[in-house]
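The values are calculated or read from the model by the stated rules, or taken from the named source; none is laboratory data. Quantities reported herein were computed from a predicted structural model and do not represent experimental measurements. Cβ: placed from backbone, ideal geometry, glycine included. Neighbour counts: every protein chain shown.
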Amino acid sequence: MTALRITGGQVHDPANDVDGEVRDICVEDGKVVAEVGPEARRIDARGMVVMPGGVDIHAHIAGPAVNAARKLSPDERRDQPLDRTDVLRSGTGGLVPSTFATGYRYSLLGYTTVVEAAAPPLAARHVLGELRDTPMIDKAFLILMGNNQVLFELIRESKGQASPQLRDAIAWWLQATGGYGVKLVNPGGVELWKQSNGQIDSLDDEVAGFGVTPRQVLEAIGGAAHELGLPHPVHIHANNLGIPGNVDTTLETMRTVSGRQAHFAHLQFHSYGGKPGGQPRSRAPELLEYLSSHPEITADVGQVMFGPAVTMTADAQVSALLRDLGGGKWLNHDTEVETGCGIVPYSYKAGNYVHALQWGIGLELFLLGKDPWQVMLSTDHPNGGSFLSYPKLIRLLMDRGFREDQMGRANQRAIRRTALTDGLDREYTLNEIAIITRAAPARRLGLRDKGHLGVGADADVTIYHDRADCEEMFATPRYVIKGGELAVEEGDLRRADDGLLLSSRAAFDPEVSRVLEPLFGERYTVAFEHYPVSDPALREPARIVEANG
Ligand SMILES: [Zn+2]
């Protein structure tokens, strides 16, 4: 493998307290090393900015929902398609690009690791197949557990506690699927909605027929994930997404899990005051205040970007709501026993009160938060906007003049109801951008080899021109190095690597099969012995991250 010396760049490696110092980074056999020999290839990075490769903690890039979204928007596929070359496959473009195009485009942006945030475990084969076909990046996926009827049975038996049996079942599920972490989407609420079109009024509402409540699901599964010592804590999409007044549910959810590690997804969509059915208001500052006294909780923002999006969620109830708001085409899907799913192509308009408020709330979360390690960058791709809009989002954070110009184009009644007009002059530094786009997500994911450039780190390195226009700077890195090899040079892909599948593993008592098998027999159309993904071709090349490792 190649040895490389990246010389003279301005290095931003916040995990190692390096803030813009000029130093060399040496790379050999896919890792950052202290020194390389004189024969090593040199990359002259003088006048350039060097960061670890980007890490996306929450996006939707593989599995049945993503595939269905492609089918729902055939008109989009010709938007920036990719042509076949000697090195690369062809691919379709748009908001939900084909698998190969997704990998290439993340790589072209300097991202080297991406987490698919919502995989139905029953669809693990499909998810793994698509992730294998998503080149250049390392990837992990989180498995949906918040509305799983078999887990509901175990939670009811344990009276809402994280019993040893529940811990074993969760560890079994991770092993059966190759998943990396545990995701709760509208815990209890999707099943409730499927049964009765009902909404959650309180975390103590009972899911009919199961004798469990959202609070018990949060406590039992969140507690079990915590006790298993998984590298990434429970990843929560709280109940009542998008509904005015939902901030009370979000705060109650945070209190329910407090004292345990937890990550809250796309917090912007959960920050609303007002009354259900009425107009939302921002209550983002209250959430930030809660976060500031609870370092065990982190979040990503789920920024809305004006323009087209595709809402795509296991929270089928939200999709029904968006359809009623005039979303047009709608797809709803039930994954037996495990989850729902809804997809609505959508467009966020600057002149629309609600959309402008959502945009403003996302920026409040970024700009009013005190600790960038706690609030990370995401657009919940493609829900708030495409990952391709990250450079523009970075400019909104780094460039006050640009932000104010964009504010001026948005619905003023909404903008006046945010803190953005109160002389909010914060501009993110390069180091803060490095925190929210790589160092913090990697740390939160428990990926010790990623998100930093210390000796022993994976040699995933992105080198940017130091440009005044930071949107252009982050849209077109000068070089991207993935696993120690030069992947991108001045906007051109140089090679097509597979990238690793990142899975996690926790020990469990195999006797748990005796408990699960009859429950599977009662509920699933798939036989228990056929459920785990055993085909190594789907699960390689892999890196296993051990719980408590
Ligand atoms: Zn999401």
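Of these, Arg156, Arg105, which one is surrounded by fewer than 20 Cβ atoms within 10 Å (Cβ to Cβ) and of a type in the set (Lys, Arg)?
None of the other options fit; the residue is Arg156.
Give the number of residues within the stretch 305-352 that are among the basic types (Lys, Arg), modelled with pLDDT under 90 and either in contact with a Phe, Trp or Tyr (Cβ under 9 Å, 6 or more places away or on another chain) or within 12 Å of the ligand (Cβ to nearest atom) (or both).
At the first step, the residues of the stretch 305-352 found to be among the basic types (Lys, Arg) are 323, 329, 349.
Narrowing further to those that are modelled with pLDDT under 90: 323, 329.
Checking the rest, the ones that are also either in contact with a Phe, Trp or Tyr (Cβ under 9 Å, 6 or more places away or on another chain) or within 12 Å of the ligand (Cβ to nearest atom) (or both) come to 323.
Residues that pass the stated criteria total 1.
If I filter the stretch 331-377 down to residues being of a type in the set (A, V, I, L, M) and assigned to a strand (DSSP E or B), which single residue comes out as surrounded by the most Cβ atoms within 10 Å (Cβ to Cβ)?
Ile343
Residue check: is Glu296 at pLDDT 95 or above, surrounded by fewer than 22 Cβ atoms within 10 Å (Cβ to Cβ), closer than 29 Å to Gly360 by Cβ and in contact with a helix residue (DSSP H, G or I) (Cβ under 8 Å, 6 or more places away or on another chain)? Lay out the reasoning, then the answer.
Details: at pLDDT 95 or above: yes; surrounded by fewer than 22 Cβ atoms within 10 Å (Cβ to Cβ): yes; closer than 29 Å to Gly360 by Cβ: yes; in contact with a helix residue (DSSP H, G or I) (Cβ under 8 Å, 6 or more places away or on another chain): no.
In short, no.
Which number in (1) touching a Gly at 6+ places or on another chain (Cβ under 9 Å); (2) farther than 25 Å from Leu445 by Cα marks the one condition that Lys31 misses?
Of (1) touching a Gly at 6+ places or on another chain (Cβ under 9 Å); (2) farther than 25 Å from Leu445 by Cα, only one is false for Lys31: (2).
Which one of these does Val455 not meet: (1) of a type in the set (A, V, I, L, M); (2) over 19 Å from Val49 (Cβ atoms); (3) within 16 Å of the ligand (Cβ to nearest atom)?
(3)
When the residues of the stretch 378-407 are filtered to those that are outside any helix (DSSP H, G or I) and among the polar types (S, T, N, Q), which remaining residue is nearest to Glu432 (Cα to Cα)?
Here the residue is Ser378.
Identify, by number, the condition in (1) without any contact (Cβ under 8 Å) to a residue 60 or more places away in the chain; (2) surrounded by fewer than 24 Cβ atoms within 10 Å (Cβ to Cβ); (3) touching a Gly at 6+ places or on another chain (Cβ under 6 Å); (4) under 30 Å from Glu546 (Cα atoms) that Pro231 doesn't meet.
Exception for Pro231: condition (1).
Out of curiosity, is Leu365 in contact (Cβ under 8 Å) with a residue 60 or more places away in the chain, more than 16 Å from the ligand (Cβ to nearest atom) and in contact with a helix residue (DSSP H, G or I) (Cβ under 9 Å, 6 or more places away or on another chain)?
When the stated conditions are applied, Leu365 does not pass them.
I'd like to verify a number: residues in the stretch 252-275 that are away from the ligand (no atom under 16 Å from the Cβ) and on the phi > 0 side of the Ramachandran plot, how many?
2
Of all residues in the stretch 243-255, which are touching a Pro at 6+ places or on another chain (Cβ under 9 Å) and surrounded by fewer than 21 Cβ atoms within 10 Å (Cβ to Cβ)?
Pro244, Gly245
Testing Leu251 on (1) out of contact with any Asp or Glu (no Cβ under 8 Å at 6 or more places or on another chain); (2) free of Cβ contacts under 8 Å to residues at least 40 places away in the same chain; (3) of a type outside the set (Phe, Trp, Tyr), one condition comes back false. Which one is that?
For Leu251, the failing item is (1).
Can you find, within the stretch 195-214, the residue that is modelled with the lowest pLDDT among those that are farther than 26 Å from Val115 by Cβ and not in a loop (DSSP other than H, G, I, E, B)?
So the residue we want is Ser196.
Quick one: which residue in Ala309, Ala316, Ala284 is touching a Ser or Thr at 6+ places or on another chain (Cβ under 6 Å), on the phi < 0 side of the Ramachandran plot and among the small types (Gly, Ala, Ser)?
Ala284
Go through (1) in contact with a strand residue (DSSP E or B) (Cβ under 8 Å, 6 or more places away or on another chain); (2) of a type outside the set (A, V, I, L, M); (3) closer than 19 Å to Gly446 by Cα one by one and return the number of the condition Thr213 breaks.
Just one mismatch for Thr213, condition (3).
Which residue pairs have Cβ atoms under 6 Å apart, sit 6 or more places apart or on different chains, and have a first residue in the stretch 376-405 that is over 18 Å from Thr311 (Cβ atoms) and of a type in the set (Lys, Arg) and a second that is at pLDDT 95 or above and surrounded by fewer than 20 Cβ atoms within 10 Å (Cβ to Cβ)?
Lys392/Glu471; Arg395/Phe402; Arg395/Glu471; Arg400/Glu427
Name the single residue, out of those in the stretch 281-299 being under 22 Å from the mean Cα position of the chain (by Cα) and under 16 Å from Leu241 (Cα atoms), that is nearest to the ligand (Cβ to nearest atom).
Going residue by residue through the stretch 281-299, those that are under 22 Å from the mean Cα position of the chain (by Cα) are 284, 287-288, 290-292, 294-299.
Those left that are additionally under 16 Å from Leu241 (Cα atoms): 284, 287, 299.
On the way: Ala284: 18, Leu287: 17, Ala299: 12 Å.
Among those residues, the one meeting the criterion is Ala299.
May I ask you to say which residue of Glu490, Glu529 is among the acidic types (Asp, Glu) and touching a helix residue (DSSP H, G or I) at 6+ places or on another chain (Cβ under 9 Å)?
After ruling out the rest, the residue left standing is Glu529.
Any idea which of Gly278, Gly302 is among the small types (Gly, Ala, Ser), assigned to a loop (DSSP other than H, G, I, E, B) and within 16 Å of the ligand (Cβ to nearest atom)?
Result of the check over Gly278, Gly302: Gly302.
Yes or no: the stretch 159-177 includes at least one residue that is hydroxyl-bearing (Ser, Thr, Tyr), away from the ligand (no atom under 16 Å from the Cβ), farther than 28 Å from Thr525 by Cβ and in contact with a strand residue (DSSP E or B) (Cβ under 8 Å, 6 or more places away or on another chain).
Looking through the stretch 159-177, none of the residues is hydroxyl-bearing (Ser, Thr, Tyr), away from the ligand (no atom under 16 Å from the Cβ), farther than 28 Å from Thr525 by Cβ and in contact with a strand residue (DSSP E or B) (Cβ under 8 Å, 6 or more places away or on another chain).
Which fully enclosed strands (runs of 3 or more DSSP E) of the stretch 23-140 have 3 or more residues being more than 16 Å from the ligand (Cβ to nearest atom)?
Those strands (runs of 3 or more DSSP E) span 31-33, 41-44, 48-52, 111-119.
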